[in-house]
1. Against the definition (more than 57 Å from the chain's Cα centre (by Cα) and either β-branched (V, I, T) or surrounded by 13 or more Cβ atoms within 10 Å (Cβ to Cβ) (or both)), how does Q558 come out, yes or no?
2. Take the range 399-427 and flag every residue that is in contact with a Pro (Cβ under 8 Å, 6 or more places away or on another chain) and either among the aromatic types (F, W, Y) or open to solvent by 20 Å² or more (accessible area, probe 1.4 Å) (or both).
3. Which condition does V31 not pass, out of (1) open to solvent by 40 Å² or more (accessible area, probe 1.4 Å); (2) at pLDDT 95 or above; (3) closer than 30 Å to D167 by Cβ, if it passes all the others?
4. Return a yes/no flag: does the range 184-199 have any residue that is open to solvent by 60 Å² or more (accessible area, probe 1.4 Å) and farther than 25 Å from H47 by Cα.
5. Could you tell me whether the range 50-64 includes any residue that is assigned to a strand (DSSP E or B) and farther than 22 Å from A256 by Cα?
6. Report yes if V469 is among the hydrophobic types (A, V, I, L, M, F, W, C) and modelled with pLDDT under 85, otherwise no.
Amino acid sequence: TVFASGFLTPSVNNNGAAFGLFAALANGTVVELPVYVAPTAKVQVIHNCASPLAASVDVYVNGALTLDNFAFRTATPFVELPAGVPVSIAIAGPTSTSVADALATFNYYSLQRDENYSIIASGVVGTGFAANPNGLDITFDLKALGAAQTAGTGANVDFNVFHGATDAPGVDVRLSNGGALLVNNLKYGNGTGYLSVPAASYLIDLLVEDSSAVVNTYIADLSTLSGGAATVFASGFLTPSANNNGAAFGLFAALASGTVVELPVYVAPTAKVQVLHNCADPLAASVDVYINGDLAIDNFAFRTATPFISLPAGVPVSIAIAGPTSTSVADALATFNYDSLQRNENYIITASGVVGTGFAVNPDGVSTGFQLLINTPAREQATSGSNVDFFVIHGSTDAPTVDVKVMGGSTIVDNASYTDQTPYLSVPAASYVLEVQDETGAATLKRYVADLSTLGGGSGTILASGFLVPSLNNNGPAFGVYLVTAAGGAFTALPEYQPSSINDLAKAINFNMLPNPTSGNVTFTFNVSEPTATTIDVVNMNGQIVSQVLDGTVSGKQKITANLNGLAKGIYFVRVTNGEQTANSKLVIE
């Protein structure tokens, strides 16, 4: 006997037993007839049709509007659909009023009971699209991927990959920096099985299939998806202009919840570097520069500089210097390896020293071997818009320790030996006269004009370059002081200061010394109009008087010959004092 029992509405019947059907068997056994639950499957729908005509669509399931204005690159969560019966899915425009407006209809014999599916709208609607490079059909279609997962394996993240970019070739996917191959030869319209990985952040390379050509590197941050699942799909066009200006290519992930996130393109951290060529060795008049094995600067000329260029940060960097006819990094004359450059930091790298032999030793005993001088943090611009920021490099191998003073102002470089670099100085944009003095500050050796008046807001490097005595240095380029701006290019020579005053001593007394250079004897000539206390001293590069030629009161035309055979070869200065005026002239003893 089958009988109805209980209340349809227990809450209005003293909370009595709920309604049900039961059967009483002849032996007295009573059994409940269970409620029939229709079999279902779970389906996630992903809109990945990049055709502009399908930017938004209506989706009908078995004739009923199920998704209204379903937008490109969005997804549903997993929803239940009837299993074991035919299913019809129709796609219509966003203004449709019924299934009769469908643009395309897809009929499935049945979905499997308790199975999960990812159904991906793919392909294009209309004409004017680039053909698939593998010759595959790109007509609009629904791609059904069975055995979809709504959760990960344990604490892992499980994901599959679908190639949905119509104009893209087959691809490989691997972990970046030569890591494991994740996907091999995946072509448009196809998907992979699931991969299970720990919940972490990954860098993945997308490559053209069977090649090392990386299309892009992407960040797949799965660190917050422990126990979750996702479908990663390629979307859009590699060449939008050849595809009705549709959406550009990208990688996206549809989570089981229906959330769609874009995988951002990985931008490698960089540092900015300016390279200055200040190696005065004639053998290095032009060089090739290799960075991490690749030719970065071809035929890099002496006394030129690059602008600030970006180099990889956070990874080892190798800089190799080769001759101008090099064919690969294997021809390098010298290689310098650095652990890494700091992210977003600026560097100025100056090539200095000499490569070959036959060069004068440094008077302070500093090694003159070829090297790279590094200054960081370097500046691309001034810290104040009206100022100019610069630092100074002593880059002349045969020059002694010097001071540099602003004429009429303060000392800006104190006791700088070869290879020394100063901190940055920030000064108003104006013209300055720089006095190069011996390390004691007693003798001014040279004066140079640094015209910074047009560089407001900019930055630069002032450096000594070349040889004081070219004849003792393979006839390399002569000494000078130069300015390099952040823009790079050829070094700008700072002109020597030419005072206009008629009281300039050397001009006033018509002072000369011959021969210069000399191997020993030197004849000094000058003319003093009236009796005046006068001295002539020969001073070495350390500011020490090594020979006194004259100390007395003279007048009229003078001619004095001095024997300097006892002095070592090198650079000296002849300091002439006449009354309260002083002049310095360079003397070379060979």
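The values are calculated or read from the model by the stated rules, or taken from the named source; none is laboratory data. Being a predicted model, the structure only gives us computed values, none of them experimental. Virtual Cβ from ideal backbone geometry, glycine too; neighbours counted across all protein chains shown. Accessible surface areas use protein heavy atoms only, side chains included; no ligands, DNA or RNA. Shrake-Rupley method; radii C 1.70, N 1.55, O 1.52, S 1.80 Å.
1. yes
2. Matches in the range 399-427: S417 only.
3. Failed condition: (3).
4. So far as the range 184-199 goes, yes, one or more of its residues are open to solvent by 60 Å² or more (accessible area, probe 1.4 Å) and farther than 25 Å from H47 by Cα.
5. If we filter the range 50-64 for residues that are assigned to a strand (DSSP E or B), which is where we start, we get 56-61, 64.
Cutting the leftovers down to farther than 22 Å from A256 by Cα gives us 64.
Yes, because at least one residue in the range 50-64 is assigned to a strand (DSSP E or B) and farther than 22 Å from A256 by Cα.
6. Numbers: among the hydrophobic types (A, V, I, L, M, F, W, C): yes; modelled with pLDDT under 85: no.
Answer is no for this residue.
Conditions (1) under 42 Å from the mean Cα position of the chain (by Cα); (2) open to solvent by 40 Å² or more (accessible area, probe 1.4 Å); (3) within 16 Å of V125 (Cα to Cα); (4) touching a residue at least 24 places away in the same chain (Cβ under 8 Å), marked per residue:
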{"residue": "N48", "(1), (2), (3), (4)": "yes, no, yes, yes"}
{"residue": "P52", "(1), (2), (3), (4)": "yes, yes, yes, yes"}
{"residue": "Y60", "(1), (2), (3), (4)": "no, no, no, yes"}
{"residue": "T66", "(1), (2), (3), (4)": "no, yes, no, no"}
{"residue": "T76", "(1), (2), (3), (4)": "yes, no, no, yes"}
{"residue": "L81", "(1), (2), (3), (4)": "no, no, no, yes"}
{"residue": "S88", "(1), (2), (3), (4)": "no, no, no, yes"}
{"residue": "A92", "(1), (2), (3), (4)": "no, no, yes, yes"}
{"residue": "V99", "(1), (2), (3), (4)": "no, yes, no, yes"}
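Matching residues to (1) at positive phi; (2) touching a helix residue (DSSP H, G or I) at 6+ places or on another chain (Cβ under 7 Å); (3) assigned to a loop (DSSP other than H, G, I, E, B); (4) of a type in the set (D, E):
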residue	(1), (2), (3), (4)
A506	no, no, no, no
P531	no, no, no, no
D537	no, no, no, yes
L567	no, no, yes, no
K586	no, no, no, no
